[in-house]
Amino acid sequence: MRAPSYTAVWTFRSLSLPEWDSKGRALCSVHIVLDWDGTLTVKDTMALLGGLPRARDLRLYNQRLHRPESEPPSHLRGEAEVNSIVDLTPPASVNLWDGFVAAYMEDYRAHKALHYPVTPKESPREERASPDQYSRWLESLKVVEYASAERVTRSRFFRGVRTEDVANVARDALDSGALQLREDWNCLFDMSVSQAGDQQAPLISKISIISVNWSECFIRWSLYLAAERLTNISPASKAALLGRIDNMKISSNEIHGLDSPQGSSGKLTGNVRTAREKAERLPEFSNQSEAAAAKQQHREAAFVVYVGDSGTDYECFRGADLPIWISDQGEEENRRVRRFEAVFRPLNTGNESGGFKSCHLKEWAELTDRGDGDWCAWADDLKEVADWLKSVS
C-alpha cells in the first residue's frame, strides 16, 4: 500500500504569549490540551486494558456465587454470562493480548520496511526527514493502527465488559502502581477551577485531553479515582476537581457498549488513532483560518497550549499556539537532546532549515530568532508547566 499523499497543513497561529491585564487575567482564554499516555501518566497504559476480560470474569463469577436459586430467564441475564464467557481463563486472556501486540509489531515492521521516509542509518543523526515527509510517515501508519483495532474487534476480546470492569481495572492499577499519574498532575487542573472566595476567573479557561488510547472511559475513571485519593487538597477543592474531571472533554476511542446491561459487543470504536487525527481534535480556532473568523466576529481566539510526549503528538505541536514537550530528563541536557531526536526520529531536529527544534519553557517568551523552523518548548514535568503559567500571569 502506498503512503497517503498527505501534506501537513498545520502551522503556528502565533508564537507570542497571550496578554494579561493588571489583575493577572488573560485577555484571551487559555485552553490547555493534554495527551494521556506518557504525558499525564508516567508510562503507557494500553496494556492495562488487557486485564478487562479478567475483571469481567471475576464480576460474573461473583454474581453466579450470589445468585438466588430461582434464576432469572436467560434474556434478563448478561450476554457474556449466557454464552459462558466466564469459562475464559486468565491465561487465555493474557495470551490473546500478547498475540495482539505481536501482530501489531509485525505489521509495523513490515510497513516501515516499505514506507519509512529515509533509508535507515546506523546513527539516528544521519536520518533526516523534512517536516512534510515526517507528517506523511506518521499518517501512513493509519493502516497499521486501524488493522490492530479491527483485529481486536473481530476477536470479541472485550465482549461483555462493562463500565464497572473498567473502573475496577483502573482502581487495581492505581493500587498496584501499574498506573501512575505524574507527580503534581492536578496542578494544571486546579488552575482551571475557580477557588472559593476568589472573584477572578481561573487562569486556565478550559482543559481537555486528546489521546489515541482505546478507552475514554478508562482515562476518565483513572483520573477520577486518582483525584479521590488526593490528600493534600481541601474537600471543596477536591469536589471541584472531581466535577471538572466528570465534565471535561476527552477526545479518544472507546470500547462499544460499556454501559449496556449485556456489556460491550467487543467492538472498538472511534477514529483518533494517528497524529493527524489527534490534531483534527484540537480546540476550535486552533488554526489560522479559524482565528481569522473569530477576529471577524469580534471574538478573541483561545490561546491553545498543547502538552505531549511522543511522535503522535507532532501534528498537535504544529497546530498549537504553544507546544510543550514533556522531556522527563532532569538536568541532563545531552540526554534530553538524544531523547528528543529518538522520539521524533527521523524528523530533522538539527539547525538546518525546516528543522523541529526545542527550547526550555522558561526561554519561550524571549525566543525571538526562530528562523523558519518549527519550535516547541520543553518541560520536565507538569508542575513546571503550571508554575510557568503562573509566573507569566
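Considering (1) of a type in the set (Asp, Glu); (2) buried (at least 18 other Cβ atoms within 10 Å of the Cβ); (3) at pLDDT 90 or above, say which one ASP321 fails and leave the rest. Every condition holds for ASP321 apart from (3). Report yes if LEU181 is at pLDDT 95 or above and within 17 Å of the chain's Cα centre (by Cα), otherwise no. Yes; evaluated as a whole, the condition is true for this residue.
Any residue at all in segment 225-248 that is of a type outside the set (A, V, I, L, M), surrounded by 14 or more Cβ atoms within 10 Å (Cβ to Cβ) and at pLDDT 95 or above? Within segment 225-248 (the criterion being of a type outside the set (A, V, I, L, M), surrounded by 14 or more Cβ atoms within 10 Å (Cβ to Cβ) and at pLDDT 95 or above), the answer is no, since none of the residues qualifies. Restricting attention to segment 351-384, the residues that are more than 15 Å from LEU322 (Cβ to Cβ) and either modelled with pLDDT of 85 or more or among the charged types (D, E, K, R) (or both) total 6. Among the conditions (1) acidic (Asp, Glu); (2) assigned to a helix (DSSP H, G or I); (3) modelled with pLDDT under 95, ASP198 misses just one, which is (2). Note on segment 137-163: residues that are surrounded by 15 or more Cβ atoms within 10 Å (Cβ to Cβ), of a type outside the set (Gly, Ala, Ser), out of contact with any Asp or Glu (no Cβ under 6 Å at 6 or more places or on another chain) and part of a helix (DSSP H, G or I) total 9. Among the residues of segment 114-140, the ones that are more than 17 Å from THR274 (Cβ to Cβ) and in contact with a helix residue (DSSP H, G or I) (Cβ under 6 Å, 6 or more places away or on another chain) come to 1 in all.
Selection of segment 305-364 for residues being in a loop (DSSP other than H, G, I, E, B), acidic (Asp, Glu) and in contact with a Ser or Thr (Cβ under 7 Å, 6 or more places away or on another chain) yields ASP309, ASP321.
Residue by residue, here is whether (1) crowded, with 18+ Cβ neighbours inside 10 Å; (2) part of a helix (DSSP H, G or I) holds:
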{"position": "TYR108", "(1), (2)": "no, yes"}
{"position": "LEU114", "(1), (2)": "no, yes"}
{"position": "SER135", "(1), (2)": "yes, yes"}
{"position": "ASP184", "(1), (2)": "no, no"}
{"position": "CYS187", "(1), (2)": "yes, yes"}
{"position": "TRP214", "(1), (2)": "yes, no"}
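For beta carbons closer than 9 Å, sequence separation of 6+ or different chains, a first residue in segment 340-351 that is surrounded by fewer than 21 Cβ atoms within 10 Å (Cβ to Cβ) and polar (S, T, N, Q) and a second that is in a loop (DSSP other than H, G, I, E, B) and at pLDDT below 90, the qualifying pairs are ASN351/GLY371; ASN351/GLY373. Here VAL193 meets the list (1) in a loop (DSSP other than H, G, I, E, B); (2) out of contact with any His (no Cβ under 8 Å at 6 or more places or on another chain); (3) under 27 Å from GLU315 (Cβ atoms) almost entirely, failing just condition (3).
Hey, does segment 224-242 have a residue that's under 29 Å from LEU138 (Cβ atoms) and either under 17 Å from the mean Cα position of the chain (by Cα) or not in a helix (DSSP H, G or I) (or both)? Talk me through it step by step, then tell me what you get.
Taking segment 224-242 first, the residues under 29 Å from LEU138 (Cβ atoms) are none.
There is no residue in segment 224-242 that is under 29 Å from LEU138 (Cβ atoms) and either under 17 Å from the mean Cα position of the chain (by Cα) or not in a helix (DSSP H, G or I) (or both).
The values are calculated or read from the model by the stated rules, or taken from the named source; none is laboratory data. If you're wondering where the values come from, they're calculated on a predicted model, not measured in any experiment. For neighbour counting, all protein chains shown are included, and Cβ atoms are generated from backbone atoms with ideal geometry for every residue, glycine included.
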